[in-house]
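In what follows, a single structure is set out as structure tokens and then discussed.
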Amino acid sequence: MSPTTRRSFLALAGGSAVALSMNPEPSNAKQLPGQPPSKNSGGQDKSFSNVMAIAAHPGDAFFAMGAPVAVARHFGGQGSLLSLSLGEKGSPTIPAEQYGASQREAAQKAAALIGAKALFLQYPDGEIPINEEAKFAVCDLIRQYKPLTIVTHWKGSWHKDHRACYDIVEDAIFYAGLPGIVRKEPAHGVRKLFYADNWEDATGFTADTYLDITAVCDGWLNACSAFPMWHGETGFRYNDYYGSLAVERGCLSNFKRAVALMSSAEQRVQHIRTP
Ligand SMILES: [Zn+2]
């Protein structure tokens, strides 16, 4: 059975969120007594067969956005992780040039472990510019890799690079989809845009989608351990945070392991036809 035909989408027990699974085995998810009904996507969707993570820094791409990319690859699809900078100023002790090189190396190693592609644009860490050049650079990579789903930063972040990434991606998707904008590659329409559950982007973040990552969780966490800051070396215990978050999000969605995503505003609109 092909990855697309065996994909199943499962009703979520709780809230107005939707639960997505690429796993061919049906879930035993049940609505709890008295719980409000949840939204059901009600059919197959190929959007997770080509996923691109677009992050300000390589750590964000892999820790907060890497699991959906790993899901795409695991079930036979395509996956890429684009970092707008190398995050080279992220170490309090290691010089930027040296740290940037180790970040690039870690991203390439981690991408290989989940079978995905690591992509880089080398804007200066902490100074990612919101300009047309950056938006078209991202547009060109979207047209080249043709993701159906993009996962990126939510704008409610204390980190200016993360907010810049949000703005750049929004316009890059717009440019990528416009046939009238002539670039090397033809126009490509991205179907879905999700924001990642990132500890630094928590202001106003509301999960509305849970993705089953049970099949890839161990491999994804192992890939993340390629990074020099994964175990708290720069001050934040990413391994404990994102490892336990996958368990907590799994509890809420009735998957063993899950990541929470937030849909773009346009994507949350539903069209309900009456008889
Ligand atoms: Zn970051």
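Quick note: the coordinates plus some simple rules give every number you see, no bench work behind them. All values derive from a computational prediction rather than experimental measurement. So basically every Cβ, Gly included, is an ideal-geometry build from the backbone, and we count neighbours across all protein chains shown.
Some notes on this structure:
- Under 12 Å, Cβ to Cβ, from Val169 - net charge with Lys/Arg +1 and Asp/Glu -1: 0
- Estimated Rh, region 168-214: Kirkwood, alpha-carbon pairs, angstrom: 13.3
- Nitroxide proxy distance, nm - points 7 Å out along Cα→Cβ at Lys160 and Glu127: 1.1
- Viscosity 1.306 mPa s, 10 °C: Kirkwood-radius Stokes-Einstein D of the chain over Cα pairs, µm²/s: 84
- Contact order relative to length of the chain, as percent, for alpha carbon pairs under 8 angstrom and 6 or more apart: 20
- For the chain, a crude dipole built from +1 on the beta carbon of Lys and Arg and -1 on the beta carbon of Asp and Glu, taken about the Cα centre, is about 1060 debye to the nearest 20.
- Ellipsoid semi-axes for region 146-263, based on the Cα gyration tensor and the rule √(5λ), read 28, 17, 15 Å when sorted largest first.
- Each label point was placed 7 Å from the Cα along the Cα-to-Cβ direction; for Ala137 and Lys46 their separation is 3.2 nm.
- Nitroxide proxy distance, nm - points 7 Å out along Cα→Cβ at Asp167 and Asn222: 4.1
- Local net charge near Glu132, Cβ-Cβ under 14 Å (Lys/Arg +1, Asp/Glu -1): -3
- For region 36-143, average projected area of the Cα convex hull in nm²: 9.3
- Length-normalised contact order for region 121-263 - Cα pairs under 8 Å, 6+ apart - percent: 24
- Pairs spanning more than 24 Å between alpha-carbon atoms, out of Lys109/Lys135; Lys135/Lys160; Lys135/Lys155; Lys146/Lys184: Lys109/Lys135.
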